[in-house]
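Worksheet: the structure to be examined is printed underneath.
The values are calculated or read from the model by the stated rules, or taken from the named source; none is laboratory data. This one's a predicted model, so the numbers in the text were calculated from it and none came from an experiment. Here the Cβ positions follow ideal geometry from the backbone for every residue, glycine too, while neighbour counts run over all protein chains shown. When the accessible area is computed, the model is the full protein with side chains, heavy atoms only, and any ligands, DNA or RNA have been set aside. Shrake-Rupley method; radii C 1.70, N 1.55, O 1.52, S 1.80 Å.
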Amino acid sequence: MSSSSYYFLVFACVFYWLFAIPRVSSFKTKQEAKYHGGEIPEDNYILGSLESSFLSLNLMFMPLLFHVASHYSVMFSSAASVSDLLLLFFVPFLFQLYASTRGGLWWVTKDSRQLQSIRIVNGAIAMVVIVICLEIRVVFRSFGKYIQVPPPLNYLLVTTTMLGGAAGAGASVLGMISSGLSSAFFTALAMIVSSAGAIVVGFPLLFTPLPAVAGLYFARFFTKKSVPSYFTFVALGSLMVIWFVMHNYWDLNIWLAGMFLKSFCKLIVANMIIAMVIPGLVLLPSKFHFLTEAGMVAHALLLCYIEDRFFNYSTIYHYGMEDDVMYPSYMVISTTLIGLAVVRRLFADHRIGSKAVWILTCLYSSKLAMLFLSSKSVVWVSAALLLAVSPPLLLYKEKSKSASKMKPWQGYAHALVVAISVWFCRETIFDALQWWNGRPPSDGLLLGFCIVLIGLACIPIVALHFSHVLYIQVPPPLNYLLVTTTMLGGAAGAGASVLGMISSGLSSAFFTALAVIVSSAGAIVVGFPLLFTPLPAVAGIYFARFFTKKSVPSYFAFVALGSLMVIWFVMHNYWDLNIWLAGMFLKSFCKLIVANIIIAMVIPGLVLLPSKFHFLTEAGMVAHALLLCYIEDRFFNYSTIYHYGMEDDVMYPSYMVILTTLIGLAVMRRLFADHRIGSKAVWILTCLYSAKLAMLFLSSKSIVWVAAALLLAVSPPLLLYKEKSKSASKMKPWQGYAHALVVAISVWFCRETIFDALQWWNGRPPSDGLLLGFCIVLIGLACIPIVALHFSHVLSAKRSLVLVVATGCMFILMQPPMPMTWSYHSEMIKAARQSADDISIYGFMASKPTWPSWLLIVALLLILAAATSLIPIKYVVELRAFYSVAMGLALGVYISAEFFLQAAVLHALIVVTMVCASVFVIFTHFPSASSTKLLPWVFALLVALFPVTYLLEGQVRIKTDLGDNAAWGWDAREEDKKVTAMLAIEGARTSLLGLYAAIFMLIALLIKFELTSLLREKVSEKSGQSKTQGGASGMFPTRTRLMQQRRATSIQSFAIEKMSEEGAAWMPAVGNVATIVCFAICLILNIHISGGSSQAIFFLAPILLLLNQDSDLLSGFGDKQRYFPVTLAISTYLALSSLYVVWEEVWFGGNAGWGVEIGGREWFFAVKNLALLILTAPGHIIFNRYVWSYSTKNSDPSPMLTLPLSFAAVVITDVFQVRLLGVLGIVYSVAQYVISRQQHINGLRYI
């Protein structure tokens, strides 16, 4: 064997590490083993200096001598042979130097500095020799095809890569990377090594910085301990790995390990990337250790899959050539041992938890099954079986010192999982039996081995966690015999029943005998009196008779006897214990448990009764669900146990609540599918089981019953009326009203739970308005199934539902104060809202009155009611008038009380303003016979109220403040009082400006909408008339297209004439006035708020799009010119702003005009910027003319000639507004040129 010397070298290194590392002798007593001064006396070591030196000589020379003895004839025949000699000496020599870091060369010297120098000098020599020999022996010989660099550059780069990597690794192991200089050297070395390695394998030179940066981040990780640097290195390294695989293997058409090579490469790359990521995940804080566990499990799964494919699909196919490729067994063993070692180290360092150790141990160990069985699924079968068997050994290891290590229900659950896992492993067991016997095993033999395997797998559960169980009343070794008989017999009976093997008379007799033996043995084990042993035997007979004869009376007889034994067991073990459990005494709790068990035992018998007795099944299921809800509610919400003064927390796990819910729903669904229970029982059971899940989210002790009541109220439209889904009217109207009323009552009973949920979400007790709002929203959402499924054809139901939900949302947003007579204050809500801590810290606090929010809610509800036609204002003029006045009053009083509370005189003006605005808006949208004559006067009054209210606000506020100052004896001339008064006036006036701007904006939008609707109607009338003209329009398409250019203007003119005839010609003019006033107010607000920001004009100028063509102000304005006011306003505003900035800088920025007189800096500033402002004017003038007419000659060069002027203004000016005008001029010129050119091209296409 050519590699035997290297195997010998590996064993020599392992044994040297085991025996030569110094260890203190166990024969030394504790007093003798004590030492002082930091050094262990030599006499305390197991091996002396002579034995240690002998082991060192054995490590360095024995592999070499073994190789010389076995290969003496060819040891100098080639460079590779000489390399073998050097490697067999210098590799153990280097390993010994590494072992000296753990005390391996203690016998040479005790001086640490001298020992460090020995390591560095000899290690460097050994490393150079090893690298050169590996290049000759391995790299150029086996991996030469991956080296893409021609000689002699390839030798230089490969040597640089390997020597540099070895030097860096050695420096890291010896702890030489500590100072700043060594860190810089290590960083440079990492960059050189990574770059050289990338060039060697043919990485593109253009992307060479990528591996260099990867090396930089790798070195930064080692020197700075930076975790982000490591992940950056992983990302870059992953890219290089992906490139290498795709460059060398991606295009090969090879069938390997049962799949194409491309698919296999994906698995290999994924596993390598995960392996690179895991060291970085390990260094993250403890709260991210779940990522380490997930990475380790994913890596183990991929490794199992890859090795399973390699080992069990051992053929390769390439271009018609087949060959056997062997994945050696020692590789499976090596990866398993390395994986288990890494898992053990990470667990010892508290980097992964016990559950991850359990999963990883099972996965790595399952790979060893490939070495014994040839089944292609043996890895996954073994993993499943190990995962089922090993929890008693691994998961509960930390609890080994406690008296009760595994809870009983956990033991049953693990035993069930073991049985299921063995059942899934039956094919593997079949293969093993067939390999052992040489023929296929019979069904009985297979079933027997499965049962035996289940019993053997359950031994750790019983031996490690239930060997002390108080319920086993039989002394050993009889207890083991009886427990095994009970468990094996029960498993055998269950397996025979599942496989359908109980059919003949002999099998029935065998099953009956087995049932008698199992029941009797189980009763004896738990200490059932021997005098009454026939009782469980008779119960077993009746149970077997039920299975074999399908006799329902036999089942009820078994239930009666079994219930007696359950009652005896509970009374015998728990009845006399004085324990307070789940908010009650244990005796009371035992009654509930026994009742629930008896009901659960009775239900299968009730299911088999005739259909006329199915109400008994429904009653039993509902009773069982109610008891289960009550028991789990007590367990989950009363989680303390008290026994003889000892308190301890007992957790009822959340997954048990989920598990019982899912099982209950599954049983209910199966019974309903088999027509054993009706729809009403399904409805009740679904609500009860689903209500238990609310415990997982809210901690209220009544949450189960509250959630059940709410679900019972909400779910009938979904469950009870399911069979009527095909009928036109699925639920009668009175039923709908009744269900909605029940929903409202149920939500009202849930108010404390809603209070708890809101308090948990907000972190503070919610107000009465917020609580009421959520109740209303919940009522609306709960009524959605009623409306959507059963009254989808009733429009009023939909509108009412929208109104209810909107009302709740408004209560949530506004949170209005609730009158004391409306508020519900239970003891729990009172305690939550005013706790003892709040009173001691803050005292009794009075909440701020927010009654005006009721007015806003009323106004919004009126709007929604009108929008959904619940209030028919569209058809009744008197109701419309009353509605508009009520809206105005509500909004006016709300605005006055909320924002202008101190100016009482202005309240009447604000209320009148809002009433006028409401009347104008509503009657403009829904006009009456006389409203067209009165609305212009209403608008005029609204416009007149604006300056009056604005000016009166300042005068009233000043007089009020001065009067208050004089009344209190203050000096009215004090500057701080004046400043405060002026700031209050400015704030109030700003609010008034915003209010009127919003009113005029609403009026302008409404009129624009009305006029647009009117124009659309006229267009549809024109199109209808054109269609009635038959083929004439089709015969002259050219004329029709030309006439389309005049259609918009003619339609607008016709519309104006039509409105004049109807008395509504004032609408365009009123809309224009409202638009202009709104624009002016917004400009004033811009000056007050932002100081006249130039950017704001781009958001304010689009308001002018609401201008309309009228017969007075804008008679020549049409739809074609709609963008002209926008561009003109922007240009004019920026030009005026530029002039103001220049004037302010000249007259107030310097020497107050002195520089202008003598030609100073301000004079130059003014002349330069004014000249540049004039340069921007041509571009804006030309573009505004174009926007007005949209007509220009294609050969007109004026737009492009203004580009240099605007560009000069952008570059030279010192004023931001001038620069903005220049930028706009450039944009305008380019846009005009592009649009004109496109128009010219379209015209040429048309011609």
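Worth a mention:
- J(HN,Hα) series, segment 792-809, from Karplus relation 6.51 cos²θ - 1.76 cosθ + 1.60, nearest Hz, glycine and proline x: 5, 8, 9, 5, 5, 5, 5, 5, 4, 5, 4, 5, 5, 5, 5, 4, x, 4
- Karplus-derived 3J(HN,Hα), 6.51/-1.76/1.60, for each residue of segment 689-698, Hz, glycine and proline x: 5, 5, 5, 5, 5, 5, 4, 6, 10, 10
- Where segment 121-256 is the region considered: accessible area per residue in Å², 1.4 Å probe: 53
- Of the peptides 1210-1220, 937-947, the ranking by mean beta-carbon count within 10 Å, highest at the top, reads 1210-1220, 937-947.
- Couplings 3J(HN,Hα) of segment 281-291, computed from phi: 5, 4, 7, 6, x, 5, 5, 9, 5, 5, 5 Hz, in residue order, whole Hz [Karplus 6.51 cos²θ - 1.76 cosθ + 1.60, θ = phi - 60°; x for Gly and Pro].
- Interchain or long-range residues, amide H under 5 Å from TYR45's placed H: SER25
- Long-range tail of P(r) for segment 179-272 (Cα pairs > 19 Å, %): 49
- In units of the compact-protein estimate 2.2 N^0.38 Å, segment 490-628 shows a Cα radius of gyration of 1.18.
- Violating pairs (Cα-Cα greater than 30 angstrom) within the set LYS355/LYS591; LYS266/LYS376; LYS224/LYS355; LYS591/LYS701; LYS266/LYS367: LYS355/LYS591; LYS224/LYS355
- Distance violations [Cα-Cα > 23 Å] among LYS874/LYS933; LYS612/LYS680; LYS549/LYS680: LYS549/LYS680
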